[in-house]
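One structure is given below, encoded as structure tokens.
The values are calculated or read from the model by the stated rules, or taken from the named source; none is laboratory data. All values derive from a computational prediction rather than experimental measurement. Positions of Cβ are generated from backbone atoms using ideal geometry, with glycine treated the same way; all protein chains shown enter the neighbour counts.
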Amino acid sequence: MEKFEVLRSSAVPLPIENIDTDQIIPARFLKATSREGFGENLFRDWRYDSDNQPKSDFVLNDSRYSGRILVAGQNFGCGSSREHAAWAIYDAGFKVVISSYFADIFRGNALNNGLLPLQVSNEMLERLFRQIELDPETELVVDLVNEEFFVPAWNEKVSFQIDPYKKECLINGYDDIDFLVNQKEAIEAYEKNRAWAY
Amino acid sequence: MAKTLFEKIWDAHVVRSIPGGLDVFYIDKHLIHEVTSPQAFDEIAARNLPLFRKDQIVATADHNVPTRNQHLPIQDPLSRSQVDKLTQNCAKHNIELFGLGHQNQGIVHVIGPELGITQPGMTMVCGDSHTSTHGAFGAIAFGIGTSQVAQVMASQCLLLSKPKKMRITIEGNVRAGVTAKDLILYVISKLGTGGATGYFVEYAGSAISALSMEGRMTVCNMSIEMGARGGMIAPDETTFDYLKGRTYAPQGERWEQALAYWRTLYSDADATFDKEYFFAADEITPMITYGTNPGMGIAITEPIPSTVPSNEVVSFEKSLKYMGFQPGESLLGKEINYVFIGSCTNSRIEDLRTVAAYVKGKQKAQHVEAIIVPGSKQVEIQAKEEGLDRILAEAGFELREPGCSACLAMNEDKIPVGAYCVSTSNRNFEGRQGPGSRTLLASPLVAAITAVEGKIVDITQYLN
């Protein structure tokens, strides 16, 4: 997993609520057996028409917007548990998704792949959408080490929270497997002593 | 100290807690399928790790298997390669696999319960969000991502923070024509798709305990559609009667020991929940969805809302445009071309019986294509033994071979662009049943009546 400390980037706005993982990566693209290449099908049916031509009204095809931060409407990533959604977003070049809340499984999947789900208030989300619309080149600074993001155009710092263990994993590029495999003795001791074994 | 059902099972599975609030959480059963496991097996291989407890893994092929001619090689090369990869990985690691052609093959959330693999008090995971289905037995069951599939393979554990606790109580008797599917569509329409995010839900009340195990599975199955991590129902005599004698259920003395333990699995009277909702069963009528998320449900006789809260306006307008509906419009009389009965929500024998009982001696409307995909080979066999296949065929319904099928359309079974499908599955997302498809979620009874009438009707007029 790639390390994450501080990111400075403009952002891509997607002000739609309840974006489900079927939109992020439709099921027909889940047949691959590796983790690579999902980025080209990110938001496939919103991004391309049935003749595979880019739809001009979709934000990823709009040359005004670019950057490594995706700002999306509330309840981002609901629906299917497919981790391919996090892979597709990351593969398309994003390192941060900002929303006012995330579906639980998506949040976990993102964190396990070096993609930071950054939760802000509904008011802050609305302000961000307005700001990016006003100036698509608005730069955001996401500082994971200090758990804050900074909007230089506003001269304003906003703090956010992240689980301390997950923060350490992102900063160091670690993942849970290493940690869990190192728990082997405790797990075996648990198996010997539990009340009911299935 | 008083505990909820969820806390009793959670606490019994904590290997150790680490500072910062995460638990090393033990998993009893790990279900895998062909779509979310290949990258996990690769991860394990790349790190040169053994499978920690292969005997606690059960595999099936379900998501992109064809529903016709399953005895032939899979035509689609990508689907075939994914299923082959599962077969190879299971052979390499000596994992029990119910692959195509096996008499236990089927949708992962259908075969677990029917084989008695799913039991009260267990912790279960699968790389599939509808793992919440197994909570119907009083188990903690939830969907995970592929990285977590690899973690469980490597350690039989996950690193988790404990979700908050919610209880949803539905009291009273249901009206005629109201099924488990209507109960859960109603609850989701009240709470919204994000209404239970961060929570684990326990369903309670007399309307829940009156449900069969199949009905309970339907309810728990759709917990994820309101954002819940999972749903569960305390086990009772209905649960124990269902499990007794099933292939993988405990037998003899072990059965008695298990039963004694299972009877302790309920929320203590003075246990507290972080959030509670109460609903009256007699206020619930047959439901249908009109939009592109499962929270957009209405009573079938009710018009589509004219307005929604301001924080849902964008998705509401986008939804109606996609579905070709207007705010305030009634769905009654709307012509339907496809009916899909299947998925881990409603593909069990009870669902097929419901459909057969209604369509017996009737004919589907000519313009409707009605597809029934059983949840498992066992359901398919049972349907034939009971003569349901003949009743369905005479009514013009096509009974296929088991799999996830047109629920997510990873196989050949797709609804065409712009077509309307009344579906017993769990998701009406844009393009879910094929690019451009328009899905209306409903119960198997509503689906059966729709197929016969060829349009959306007030089903209460059709019940005798």
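Numbers below:
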read-out: Number of positions in the stretch B:330-367 that are assigned to a loop (DSSP other than H, G, I, E, B) and surrounded by 21 or more Cβ atoms within 10 Å (Cβ to Cβ); value: 10
read-out: Which numbered condition A:Ile19 misses (of (1) closer than 26 Å to A:Asn122 by Cβ; (2) surrounded by 19 or more Cβ atoms within 10 Å (Cβ to Cβ); (3) at the interface with chain B (Cβ under 7 Å from one of its Cβ atoms)); value: (3)
read-out: Among residues of the stretch B:105-152, those that are assigned to a helix (DSSP H, G or I) and either at the interface with another protein chain (Cβ under 7 Å from one of its Cβ atoms) or under 24 Å from B:Pro50 (Cβ atoms) (or both), counted; value: 9
read-out: Search result, residues across the stretch B:411-420 that are buried (at least 22 other Cβ atoms within 10 Å of the Cβ) and either modelled with pLDDT under 95 or within 11 Å of another protein chain (Cβ to nearest Cβ) (or both); value: B:Asn411
read-out: Breaking point among (1) of a type outside the set (A, V, I, L, M, F, W, C); (2) at the interface with chain A (Cβ under 10 Å from one of its Cβ atoms); (3) over 20 Å from B:Ala271 (Cβ atoms); (4) buried (at least 23 other Cβ atoms within 10 Å of the Cβ), for B:Tyr199; value: (3)
read-out: Residue check for B:Ser423: polar (S, T, N, Q), crowded, with 24+ Cβ neighbours inside 10 Å and out of contact with any Cys (no Cβ under 9 Å at 6 or more places or on another chain); value: no
read-out: Within the stretch B:86-98, tally of residues that are crowded, with 18+ Cβ neighbours inside 10 Å and not aliphatic (A, V, I, L, M); value: 3
read-out: Criterion: within 23 Å of B:Ser17 (Cα to Cα), in contact with a helix residue (DSSP H, G or I) (Cβ under 9 Å, 6 or more places away or on another chain) and either among the charged types (D, E, K, R) or modelled with pLDDT under 95 (or both) - qualifying residue of B:Lys181, B:Lys162; value: B:Lys162
read-out: Of residues in the stretch B:112-160 being touching an Asp or Glu at 6+ places or on another chain (Cβ under 7 Å) and not aliphatic (A, V, I, L, M), the one nearest to B:Ser223 (Cα to Cα); value: B:Gly143
read-out: Residues of the stretch B:382-398 satisfying the condition of being under 24 Å from the mean Cα position of the chain (by Cα) and touching a residue at least 40 places away in the same chain (Cβ under 8 Å); value: B:Leu392, B:Phe397
read-out: Set B:Gly252, B:Gly230: member being of a type outside the set (A, V, I, L, M) and buried (at least 22 other Cβ atoms within 10 Å of the Cβ); value: B:Gly230
read-out: So A:Tyr174, is it facing chain B (nearest Cβ under 9 Å), surrounded by 13 or more Cβ atoms within 10 Å (Cβ to Cβ) and at pLDDT below 95; value: no
read-out: Count - residues of the stretch B:308-355 that are at pLDDT below 95 and over 24 Å from A:Asn18 (Cβ atoms); value: 0
read-out: Residue count for the stretch A:94-136, restricted to those that are within 12 Å of chain B (Cβ to nearest Cβ), of a type in the set (D, E, K, R) and touching a residue at least 24 places away in the same chain (Cβ under 8 Å); value: 1
read-out: Test: residue in the stretch A:44-58 that is touching a residue at least 24 places away in the same chain (Cβ under 8 Å) and either over 14 Å from the mean Cα position of the chain (by Cα) or assigned to a loop (DSSP other than H, G, I, E, B) (or both); value: no
read-out: The stretch A:120-146, residues that are under 24 Å from A:Asp175 (Cβ atoms) and either touching a strand residue (DSSP E or B) at 6+ places or on another chain (Cβ under 6 Å) or buried (at least 19 other Cβ atoms within 10 Å of the Cβ) (or both); value: A:Val142, A:Asp143, A:Leu144
read-out: Residue selected from the stretch B:259-273 under the condition of a type in the set (A, V, I, L, M, F, W, C) and under 26 Å from the mean Cα position of the chain (by Cα), by the criterion farthest from B:Ile233 (Cα to Cα); value: B:Leu259
read-out: 3 or more residues more than 10 Å from chain A (Cβ to nearest Cβ) and surrounded by 14 or more Cβ atoms within 10 Å (Cβ to Cβ): qualifying strands (runs of 3 or more DSSP E) within the stretch B:1-72; value: B:29-32, B:57-60
read-out: Only one of A:Ala153, A:Ala189 that is away from chain B (no Cβ under 14 Å), surrounded by fewer than 15 Cβ atoms within 10 Å (Cβ to Cβ) and either at negative phi or free of Cβ contacts under 8 Å to residues at least 24 places away in the same chain (or both); value: A:Ala153
